[in-house]
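These notes are about the structure you will find just below.
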Amino acid sequence: MGGYYDAGDNLKLGFPMAFTITMLSWSQIEMGSQLKAKQELTNVLHAIKWGTDYLIKAHPKPEVLYAQIGEPDSDHGCWQRPEDMATPRTAFKIDDQHPGSDLAAETAAAFAAASIAFKNSDYQYSSK
């Protein structure tokens with residue numbers, strides 16, 4: 001499925017994840033040659049793609065973006081591997097009935113930055 005869990009629990013939160021992908025992408029854009037010299041460019045591109053793939057899946061159709069997976073109260077009490085979880089995986093979305101322009105804007109920034117980050121190494125993914 002991709003994406004990153006937030007903190008030490010098993011929540012997937014759209015806003016911090018989109019911000020992280022935006023920052024990782026800009027790090028690659030601004031410091032790609034240094035990352036390449038230290039043989040870390042492949043690692044950062046893999047990390048960007050893991051999060052971006054999730055964000056793509058979280059935006060299944062126009063004007064729908066899944067913002068959060070998991071219940072904060074039950075997840076904060078669940079400190080185990082995601083494979084062993086039994087807590088509800090409730091999904092919260094933004095759409096025309098559930099606004100969230102801040103998340104939509106940060107996710108758009110993540111998509112734009114990831115597109116630039118992959119422009120020279122994987123044009124097909126960049127154009128996605």
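The values are calculated or read from the model by the stated rules, or taken from the named source; none is laboratory data. Predicted, not measured: the structure shown is a model, and the values here were computed from it. With ideal geometry, Cβ positions are generated from the backbone for all residues, glycine too; neighbour counts draw on all protein chains shown. SASA here: full protein model, heavy atoms, side chains in, ligands and nucleic acids out. Shrake-Rupley method; radii C 1.70, N 1.55, O 1.52, S 1.80 Å.
Yes or no, residue by residue, for (1) open to solvent by less than 80 Å² (accessible area, probe 1.4 Å); (2) touching a strand residue (DSSP E or B) at 6+ places or on another chain (Cβ under 8 Å); (3) part of a loop (DSSP other than H, G, I, E, B); (4) modelled with pLDDT of 95 or more:
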residue	(1), (2), (3), (4)
SER74	yes, no, no, no
ALA86	no, no, yes, no
GLN97	no, no, yes, yes
ALA105	yes, no, no, yes
ALA108	yes, no, no, yes
ALA117	yes, no, no, yes
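Any residue at all in the range 91-105 that is in contact with a Ser or Thr (Cβ under 9 Å, 6 or more places away or on another chain) and either in contact (Cβ under 8 Å) with a residue 60 or more places away in the chain or not hydrophobic (A, V, I, L, M, F, W, C) (or both)? Let's see the steps before the verdict.
Pass one, the range 91-105, residues in contact with a Ser or Thr (Cβ under 9 Å, 6 or more places away or on another chain): 94.
Those left that are additionally either in contact (Cβ under 8 Å) with a residue 60 or more places away in the chain or not hydrophobic (A, V, I, L, M, F, W, C) (or both): none.
Checked the range 91-105: no residue is in contact with a Ser or Thr (Cβ under 9 Å, 6 or more places away or on another chain) and either in contact (Cβ under 8 Å) with a residue 60 or more places away in the chain or not hydrophobic (A, V, I, L, M, F, W, C) (or both).
Residues are listed down the side, and each one gets a yes or a no for (1) open to solvent by 40 Å² or more (accessible area, probe 1.4 Å); (2) farther than 16 Å from ALA113 by Cβ; (3) not in a helix (DSSP H, G or I):
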site	(1), (2), (3)
ALA7	yes, yes, yes
ASN10	no, yes, yes
PRO16	yes, no, no
THR22	no, no, no
SER25	no, no, no
GLN34	yes, yes, no
VAL44	no, no, no
GLY51	no, no, no
ILE56	yes, no, no
